[in-house]
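Contents: one structure, followed by commentary.
The values are calculated or read from the model by the stated rules, or taken from the named source; none is laboratory data. Here the structure is a predicted model, which means the values were calculated and not measured. Cβ placement follows ideal geometry from the backbone for every residue including glycine, while neighbour counts extend to all protein chains displayed. Accessible surface areas use protein heavy atoms only, side chains included; no ligands, DNA or RNA. Shrake-Rupley method; radii C 1.70, N 1.55, O 1.52, S 1.80 Å.
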Amino acid sequence: MMLGFDVIGFLISWLTLFGTYAILSMSLNLEIGFTGMADFGKVAFYGIGAYLAATITAFTFLFVNGIKCPLHSVEAIVALKECASKNPALNVSIFVLCILITFIITGAIGYLISYPTLRVGPAFLGITVLSFGELLRIFMRHFEPTGGTKGLAGIPHPLAWIPDPRLRDGIYAAIVLVVMLLTYLLSEKIANSPFGRLMRTVRDDEIATLCLGKHVPRIKAAVFFLASGLAGIAGVLLAYYLGSVNPDMFVPAVTFNVWAMVIFGGMGNNKGALIGSAIITFVDRISFVVNLLFPQAIISPDYIRWMIVGLLILITLLFKPQGLMPETPIKTLALTAVAEESGGEENA
Amino acid sequence: MIGPTEVLNTIWIGIIYMIIALPLTLSYKVTRIINFVHINFITIGAYVGVILFLLGVNSLLLVIPASFLFGAAIAVLNHFIAFSPLEKRGANPVILMIASLGLWIFYKYVVYAFLDLGQKVFRTNLFSVIPRATSLPDVSVGGYVLSGHFFAAILVAGVILGVLYLLLSKTSVGRAIRAVADNPTLAEISGIPKERVVSITWALCGGMAAVGGLLWAVFAIATPEVGDALILQIFAVSVIGGLESLLWTGIGAFIISGAENILMSLLNAVLGVPVSFRPFISFSALLLIILVKPPLGAGGGLPYRFKIVRHYKR
Amino acid sequence: MLEVIDLARYFGGIKALDGVSLKVKKGSIVGLIGPNGSGKTTLFNVVTGFYEPTRGEVWFNGERIDGLNPNEIYLKGLVRTFQIPRLFQSLSVLENVLVTPPHQIGESPLNALFKKKWANQEMNLARQAFNILKMLGLAPYTNIKVSDLSAAHIKLLETARGLMGGAKLLLLDEPTAGVAYTTARELFDFIVKLRDEKGLTFFIIEHRLEVLMDYVEYVYVLHNGKLLSEGKPDEVVEDKKVIEAYIGEG
Ligand SMILES: Nc1ncnc2c1ncn2[C@@H]1O[C@H](COP(=O)(O)OP(=O)(O)OP(=O)(O)O)[C@@H](O)[C@H]1O
Ligand SMILES: [Mg+2]
């Protein structure tokens, strides 16, 4: 039995999880909510991001400190632990660098993998990226340089030089939330621009959009690049938070979780994505605690949780298709212009 | 390299792919829904067999219809609780597909929860079993010993495919199904009860996929992920058929199965590609088909061509 | 301006279009008529790159355009509307028109981030769009979602969208279907005005011959995918073959 529930610890872990998932949700919202692209393989890009961060960081630390051993070996983990807090500047700069590099590489991979599917029906993108994620996981399980099934561990935290773990985790949670906020601002800017309008026309009727002279495949590719890149950043944040990565963290279920958040929160609304991820990650954390209290349940609470995720998607679509927060009209300047133009004559 | 084993595997796996992929194509043709619950049909069909065998029901003649009924019931249920209401509200194909995604997750973990309970009841490992209670005699052909199950499966598959063919081509129900598939609006105008035809199609497709799952399990293994593990191949097969042609779906089953077995063992022998990379073959096949022969008309999609066209000037 | 040479398109066994040749001169208003299923829409679809031709050539402004993608053809100034309107359901009437102008600055994802870059253009386009809506009598609905619009207004909006872009030749597919008689005449008056003022060319499919014949200079008649007749409106109306085709169809 747990005595003395650690509220602050709970909050910190929830906020970190929330920030990470909110970035994923907003990136999925760009795809499905605004552009109508059914990305069933979100987890692939999340995983690529996490693995990139883990590999780059571990490699750089070992290299800078002149240690020669495989990234996944026990010596490496020990060595990384020793040198993690020696040079704060190194930690922080690698963190920033990883975010930038990951965004570009993950985005580029997303672009490449979506390319064959850009002109075929909505199902094909879904199946292709879903399979891509699973194959990537199978591949990573067999890929020894990143530790196979065991993955990589001991990844130096960007704030490892802060001695107090509580303070360190708190600041890290704040950083995650800042990245989340930046993602939100970016998504809002994109959604409320002429490009955002194009995204919505592609969603409503991609054929009509093409016949209006818009390069629909290019629009979709751009959205997929951006969304995959953002998912990669979420992966980076996760890798540093946990300090380790392994292939089985990135199962398709993670994707479904994000889908539930977006659909429940409201497709085509970034605030909805935020709220959806806040609620579902909160329930997640709570049920994690509850799990600890009831280790001997007849049916594993995990299964029940996933059934609820599936049902939540279905029920929202059936009974409240706009989700908690319906889509809002585009905020461009068009209406102001029209109001000026028509003066007082228009009052319908 | 390519021995009788590869050829035999190609045949039986091809047949099972066919039994599972044909209903996917057919249900898409009729309903225009990409149905992820197809994955559950496979798993559930397999486990109906497992449970019945555990309960002492040994005859395939009983187990196969039971499997069929289970799959059919779930398919029809989905139609009534989810797809039909959504369609009446004018939901677009993407929304319908996402709804099927939700159902897929739900059923998948229902199976998990059920097996979790079942393990405690039956006191045996249910998470990876082979439902093989009946022992059919082995047959030896030209020095090769073939399991009796091989022939049983081929027989069952042959019967199912034959019935499907007769049903679609010779009966009035079959004609109605094809009419709805070809042109739903026209079919409705000409007095075909579309709603009923769609339900029958769902029942047929759900049942068939479940039997396919059962046969697969008898040969290979039943796990809660058995359907998930087959999804890539099955979709690749259906995409070869353009989500439209049943004939090409059938041919596609053998193309994919052949690539997975014969091509794989070639790659393994010549280039040393590990066998665990088998799914990559189906994946490459899927991408290749989408690039080279995209299923545009039926699968939705853009009238857009990647090729570069020369501009002639006068 | 537009020249179609021996154009054909088969769907399996159906010869929806079977060797059609025709010309549309710059600055003219040309009609395309024919019984249901005669291949009119298919002709538009092939000309605008929606379908690839089975055979034949399409020339536009001295450039061969068959085989190009629909978006490329649009950008050359060949703009079509759909028989069954394909509007963007979740957008407002104004936005539906506003999407059309090609090469908007804010349409690049990078520029989209910087409002300063595209704000000016957006305002100008919005004013233009509003004027077009005003002329078609859609001004009161500017900020209404398309899904809440009546059928006739939808049809008009589809045309408004066609007029907004940088069109040189407009292919209108039954622009007045379901629109009241007087509104239909107003629309055609407006088309003539646009031709006179802006030098646009129109190629119009219409079932309402009583309206169409008063406005067009030349008419092509399709039947079973083939050109049945062509000529000045009064000549075509007299043509026995045309009358038979229409009667035979019921
Ligand atoms: N995508 C398609 N696949 C198969 N057949 C088609 C397709 N598009 C058109 N057709 C067929 O081609 C023929 C011509 O159709 P089209 O739509 O061009 O006629 P239309 O002259 O526009 O008729 P309407 O006056 O009713 O609009 C019809 O028989 C139709 O069934
Ligand atoms: Mg037509």
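Take the residues in the stretch C:8-17 that are of a type in the set (A, V, I, L, M) and touching a helix residue (DSSP H, G or I) at 6+ places or on another chain (Cβ under 6 Å); name whichever of them is nearest to ligand 1 (Cβ to nearest atom). Steps first, answer last, please.
Kept after step one, since they are of a type in the set (A, V, I, L, M), are these residues of the stretch C:8-17: C:8, C:14, C:16-17.
Next cut, touching a helix residue (DSSP H, G or I) at 6+ places or on another chain (Cβ under 6 Å) only: C:16-17.
Values: C:16: 3, C:17: 7 Å.
Per the stated criteria, the residue is C:16.
Restricting the stretch B:69-113 to residues that are of a type in the set (Phe, Trp, Tyr) and more than 9 Å from every other protein chain (Cβ to nearest Cβ), which is surrounded by the fewest Cβ atoms within 10 Å (Cβ to Cβ)?
By that ranking, first place goes to B:80.
Within 7 Å of chain A (Cβ to nearest Cβ), surrounded by fewer than 19 Cβ atoms within 10 Å (Cβ to Cβ) and not aromatic (Phe, Trp, Tyr), is that true of residue C:140? Quick ask: steps written out before the conclusion?
Working: within 7 Å of chain A (Cβ to nearest Cβ): yes; surrounded by fewer than 19 Cβ atoms within 10 Å (Cβ to Cβ): yes; not aromatic (Phe, Trp, Tyr): yes.
Considered against the rule, which asks whether it is within 7 Å of chain A (Cβ to nearest Cβ), surrounded by fewer than 19 Cβ atoms within 10 Å (Cβ to Cβ) and not aromatic (Phe, Trp, Tyr), residue C:140 comes out as yes.
Considering (1) within 14 Å of chain A (Cβ to nearest Cβ); (2) surrounded by 24 or more Cβ atoms within 10 Å (Cβ to Cβ); (3) closer than 13 Å to residue B:20 by Cβ, say which one residue B:239 fails and leave the rest.
Against the list (1) within 14 Å of chain A (Cβ to nearest Cβ); (2) surrounded by 24 or more Cβ atoms within 10 Å (Cβ to Cβ); (3) closer than 13 Å to residue B:20 by Cβ, residue B:239 comes up short only on (3).
With the requirement that a residue be in contact (Cβ under 8 Å) with a residue 24 or more places away in the chain, open to solvent by 30 Å² or more (accessible area, probe 1.4 Å) and either farther than 18 Å from residue B:87 by Cα or touching a Ser or Thr at 6+ places or on another chain (Cβ under 7 Å) (or both), what does the stretch B:159-203 give you?
Correct list: B:160, B:161, B:167, B:173.
Could you check the stretch C:158-186 and list, in sequence order, the residues that are away from ligand 1 (no atom under 14 Å from the Cβ) and more than 16 Å from residue C:79 (Cβ to Cβ)?
C:179, C:180, C:181, C:182, C:183, C:184, C:185, C:186, listed by residue number.
Scanning the stretch A:164-210 for residues that are assigned to a loop (DSSP other than H, G, I, E, B) and in contact (Cβ under 8 Å) with a residue 40 or more places away in the chain, which turns out farthest from the other protein chains (Cβ to nearest Cβ)? Break it down stepwise before answering.
In the first step, residues of the stretch A:164-210 are kept if they are assigned to a loop (DSSP other than H, G, I, E, B); the result is A:164, A:192-193, A:205.
If we keep only those that are in contact (Cβ under 8 Å) with a residue 40 or more places away in the chain too, we end up with A:192-193.
Values: A:192: 9, A:193: 4 Å.
Applying the filter and picking the extreme gives A:192.
Scan the stretch B:292-312 and give yes if some residue there is on the phi > 0 side of the Ramachandran plot, more than 12 Å from chain A (Cβ to nearest Cβ), modelled with pLDDT under 90 and not in a helix (DSSP H, G or I), otherwise no. Show your work before the answer.
Step one: of the stretch B:292-312, the residues on the phi > 0 side of the Ramachandran plot are B:300-301.
Those left that are additionally more than 12 Å from chain A (Cβ to nearest Cβ): none.
Checking the stretch B:292-312: not a single residue is on the phi > 0 side of the Ramachandran plot, more than 12 Å from chain A (Cβ to nearest Cβ), modelled with pLDDT under 90 and not in a helix (DSSP H, G or I).
Per-residue answers, yes or no, for (1) more than 25 Å from residue C:193 (Cα to Cα); (2) more than 13 Å from chain B (Cβ to nearest Cβ); (3) within 16 Å of ligand 1 (Cβ to nearest atom); (4) hydroxyl-bearing (Ser, Thr, Tyr):
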site	(1), (2), (3), (4)
C:19	yes, yes, yes, no
C:22	no, yes, yes, no
C:32	no, yes, yes, no
C:36	yes, yes, yes, no
C:48	no, no, yes, yes
C:57	yes, no, no, no
C:60	no, no, no, no
C:66	yes, no, no, no
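Looking at (1) under 23 Å from residue B:111 (Cα atoms); (2) modelled with pLDDT of 95 or more, which one does residue A:304 not meet, given that it meets all the others?
(2)
Considering each residue of the stretch C:105-137, count those that are more than 7 Å from every other protein chain (Cβ to nearest Cβ) and in contact with a Lys or Arg (Cβ under 6 Å, 6 or more places away or on another chain), and give that number.
2
Take residues that are among the polar types (S, T, N, Q) and in contact with a helix residue (DSSP H, G or I) (Cβ under 8 Å, 6 or more places away or on another chain) and tell me which of the helices (runs of 4 or more DSSP H) falling wholly in the stretch B:1-115 contain 3 or more.
Working: elements: B:4-31, B:38-54, B:60-78, B:84-88.
Qualifying helices (runs of 4 or more DSSP H): B:4-31.
Show the residue pairs that are 6+ apart or on different chains and have beta-carbon atoms under 8 Å apart, the first residue being within the stretch C:198-210 and open to solvent by 10 Å² or more (accessible area, probe 1.4 Å), the second being away from ligand 2 (no atom under 13 Å from the Cβ) and in a strand (DSSP E or B).
C:200/C:169; C:200/C:170
Please report, ordered by residue number, the helices (runs of 4 or more DSSP H) entirely within the stretch C:174-250 with at least 3 residues that are more than 25 Å from residue C:84 (Cα to Cα), among the small types (Gly, Ala, Ser) and under 20 Å from the mean Cα position of the chain (by Cα). Steps first, please.
Working: elements: C:181-198, C:209-212, C:233-238, C:240-248.
Hits in the stretch C:174-250: none.
Which residue out of B:151, B:122 is in contact with a Leu (Cβ under 6 Å, 6 or more places away or on another chain) and surrounded by fewer than 17 Cβ atoms within 10 Å (Cβ to Cβ)?
Only one candidate qualifies: B:122.
Of all residues in the stretch C:163-173, how many are more than 16 Å from ligand 2 (Cβ to nearest atom) and within 12 Å of another protein chain (Cβ to nearest Cβ)?
Qualifying residue count, the stretch C:163-173: 4.
Residues to consider are B:225, B:244; find the one that is over 23 Å from residue A:116 (Cα atoms) and within 12 Å of chain A (Cβ to nearest Cβ). Full working, then the answer.
Values: B:244 fails: over 23 Å from residue A:116 (Cα atoms).
Result of the check over B:225, B:244: B:225.
Residue A:57 versus (1) open to solvent by 10 Å² or more (accessible area, probe 1.4 Å); (2) in contact with a Pro (Cβ under 9 Å, 6 or more places away or on another chain); (3) not hydrophobic (A, V, I, L, M, F, W, C): which is the lone unmet condition?
Unmet condition: (1).
Do we find that residue C:158 is charged (D, E, K, R) and in contact (Cβ under 8 Å) with a residue 40 or more places away in the chain in this structure? Steps first, please.
On the way: charged (D, E, K, R): yes; in contact (Cβ under 8 Å) with a residue 40 or more places away in the chain: yes.
So residue C:158 fits the description; yes.
Looking at (1) open to solvent by 30 Å² or more (accessible area, probe 1.4 Å); (2) outside any helix (DSSP H, G or I), can you tell me which one residue A:213 breaks?
Status for residue A:213: all satisfied but (1).
Just to be sure before I move on: is residue C:70 within 18 Å of residue A:212 (Cα to Cα), in contact with a helix residue (DSSP H, G or I) (Cβ under 8 Å, 6 or more places away or on another chain) and surrounded by fewer than 20 Cβ atoms within 10 Å (Cβ to Cβ) in the structure I sent? Reasoning before the result, please.
Details: within 18 Å of residue A:212 (Cα to Cα): yes; in contact with a helix residue (DSSP H, G or I) (Cβ under 8 Å, 6 or more places away or on another chain): yes; surrounded by fewer than 20 Cβ atoms within 10 Å (Cβ to Cβ): no.
Considered against the rule, which asks whether it is within 18 Å of residue A:212 (Cα to Cα), in contact with a helix residue (DSSP H, G or I) (Cβ under 8 Å, 6 or more places away or on another chain) and surrounded by fewer than 20 Cβ atoms within 10 Å (Cβ to Cβ), residue C:70 comes out as no.
Here is a check on your reading of the model: is residue C:84 crowded, with 23+ Cβ neighbours inside 10 Å and either touching a residue at least 12 places away in the same chain (Cβ under 8 Å) or within 15 Å of ligand 1 (Cβ to nearest atom) (or both)?
On the way: crowded, with 23+ Cβ neighbours inside 10 Å: no; either touching a residue at least 12 places away in the same chain (Cβ under 8 Å) or within 15 Å of ligand 1 (Cβ to nearest atom) (or both): yes.
So residue C:84 does not fit the description; no.
Select from the stretch A:147-169 the residues that are within 20 Å of the chain's Cα centre (by Cα) and open to solvent by 20 Å² or more (accessible area, probe 1.4 Å) and list them in ascending order.
Within the stretch A:147-169, A:157, A:169 meet the criteria.
Given (1) open to solvent by 50 Å² or more (accessible area, probe 1.4 Å); (2) farther than 20 Å from residue A:175 by Cα; (3) not in a helix (DSSP H, G or I), identify the lone condition not met by residue A:85.
Unmet condition: (2).
Among the helices (runs of 4 or more DSSP H) confined wholly to the stretch A:227-329, which include 1 or more residues that are open to solvent by less than 10 Å² (accessible area, probe 1.4 Å) and away from chain B (no Cβ under 12 Å)? Full working, then the answer.
Working: elements: A:252-265, A:270-293, A:301-319.
Fully inside the stretch A:227-329 and qualifying: A:252-265, A:270-293.
Which of the numbered conditions does residue C:155 fail, given that it passes all the others? Conditions: (1) assigned to a helix (DSSP H, G or I); (2) at pLDDT 85 or above; (3) within 16 Å of ligand 1 (Cβ to nearest atom).
Condition (2) is where residue C:155 drops out.
Every residue in the stretch C:87-107 that is open to solvent by 40 Å² or more (accessible area, probe 1.4 Å) and either more than 24 Å from the chain's Cα centre (by Cα) or touching a residue at least 60 places away in the same chain (Cβ under 8 Å) (or both), please. Outline the logic, then answer.
Step one: filter the stretch C:87-107 for residues open to solvent by 40 Å² or more (accessible area, probe 1.4 Å), giving C:89, C:102-103, C:105.
Matches in the stretch C:87-107: C:102, C:105.
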